[in-house]
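Okay, structure first, notes after.
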Amino acid sequence: MAGAGPAGWALASACARLGLSTALVAPAPREPWRATYGLWRDELPDLPGYAIASAPSKAIAIGTAAHSIERRYLIADNAGLRRWVTHPDVEVITGRAAGQSAGVVARVVVNATGTHPVGSPSEQIAYGLLLPAAAAEPLVPADTALIMDWSRPAREPSFLYAVPVGDRILVEETSLARKPGLPREILVTRLRHRLAAAGIPPVGREEIVAIPLDLPPVPGLAFGAAAGLVHPATGYSVATSLQLAPRVAEALLDGLRRGPAEAVRAARHVIWPRRARVVHALRSHGLHALRGMPSHQIADFFDIFFQLPVELQSAFTSGRTDIAGTTAAMREIFRAAPWRLRSRLIW
């Protein structure tokens, strides 16, 4: 296994639990994870409490109006998440995977090293600060996850994302989808202006996010973001990787009884079954529609999206093989959209 992020560790540990001899190779395999990982509780209902940094009781989104989201949103505790996905039987090697790395002879090599952007992909770019909870209250109510706030229109659309992370609040100015990604300096300036308008000093640990949204899987057998598991319309991938890891490990175990090539084929089928490919294509259409929308239309779009029944919201954001649910969500958005927005959705 090449890569020591949540996806790499989850699959390596799932393999080790099944008795497969498993090695994980990375330049700094014990390095703490610095990113903030958000997910919906219904995506990982078995996530233990020690792997949760915060579980606010409310989740809201703001387009031109505020909408309550009837799903529980979590922020992972990175140390606890690592503990949950780590198995002691995984051999840990410091280095880089290149052929038979460090003398390890592997029957199957899995690339879980993340995305490797080439060219100019569509990107989600964000700049954030971790603020004291009391200081952030003018922007987000206590015990609340603000999934997105589009109430400040701009020529190049961006929204505020604000969530509790332990005893602090992450406030993040985010460009949802743009090709190429919105320059970070614009987001830095916008967040500082937003904080200044609320009387909040822009002091806190920085968080910088750059997520390619439309890259194909890397060659060979890949997992996590390297396998193209990033949701092309939201940028999320960690929950999907953690859901899939045990199933991919089982496919590898079963396939190895017939040889490495069969193991790779079986794992790829679990990662990208036909239904998942169809849903990914539908989501990619959503990405291209969002990428071309002006700011006021994006706010209208999310007003419609967050008025959908929660099961349709969940289907589009989390139902990776749910063709019926994804198409139903897209159909209902189109039906409810005004004509000026429908033309963008068709495009």
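The table that follows gives values for the structure above.
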{"quantity": "Number of positions in the range 119-150 that are over 30 Å from residue 284 (Cα atoms) and either part of a strand (DSSP E or B) or open to solvent by less than 10 Å² (accessible area, probe 1.4 Å) (or both)", "calculated": "5"}
{"quantity": "Residue check for residue 174: touching a helix residue (DSSP H, G or I) at 6+ places or on another chain (Cβ under 8 Å), hydroxyl-bearing (Ser, Thr, Tyr) and part of a loop (DSSP other than H, G, I, E, B)", "calculated": "no"}
{"quantity": "Candidates 56, 32 - the one that is open to solvent by 40 Å² or more (accessible area, probe 1.4 Å) and either assigned to a loop (DSSP other than H, G, I, E, B) or among the aromatic types (Phe, Trp, Tyr) (or both)", "calculated": "32"}
{"quantity": "First in the range 275-288 and free of Cβ contacts under 8 Å to residues at least 24 places away in the same chain and under 20 Å from residue 181 (Cβ atoms), second anywhere and of a type in the set (Gly, Ala, Ser) and surrounded by 16 or more Cβ atoms within 10 Å (Cβ to Cβ), Cβ under 7 Å, 6 or more apart", "calculated": "none"}
{"quantity": "Helices (runs of 4 or more DSSP H) wholly inside the range 269-318 that include at least 1 residues being farther than 18 Å from residue 148 by Cβ and acidic (Asp, Glu)", "calculated": "310-318"}
{"quantity": "Selected residue [of a type in the set (Asp, Glu), modelled with pLDDT under 95 and touching a strand residue (DSSP E or B) at 6+ places or on another chain (Cβ under 8 Å)] from 173, 156", "calculated": "156"}
{"quantity": "Criterion violated by residue 16 - all others in (1) open to solvent by 40 Å² or more (accessible area, probe 1.4 Å); (2) of a type in the set (Gly, Ala, Ser); (3) touching a His at 6+ places or on another chain (Cβ under 6 Å) satisfied", "calculated": "(1)"}
{"quantity": "Within the range 95-131, tally of residues that are at pLDDT below 90, among the aliphatic types (A, V, I, L, M) and under 26 Å from the mean Cα position of the chain (by Cα)", "calculated": "2"}
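The values are calculated or read from the model by the stated rules, or taken from the named source; none is laboratory data. From a predicted model like this one, the values you see are computed outputs, not experimental measurements. Glycine gets a Cβ as well: all are built from the backbone with ideal geometry, and neighbour counts include every protein chain shown. What goes into the accessible areas is simple: the full protein's heavy atoms, side chains included, and nothing from ligands, DNA or RNA. Shrake-Rupley method; radii C 1.70, N 1.55, O 1.52, S 1.80 Å.
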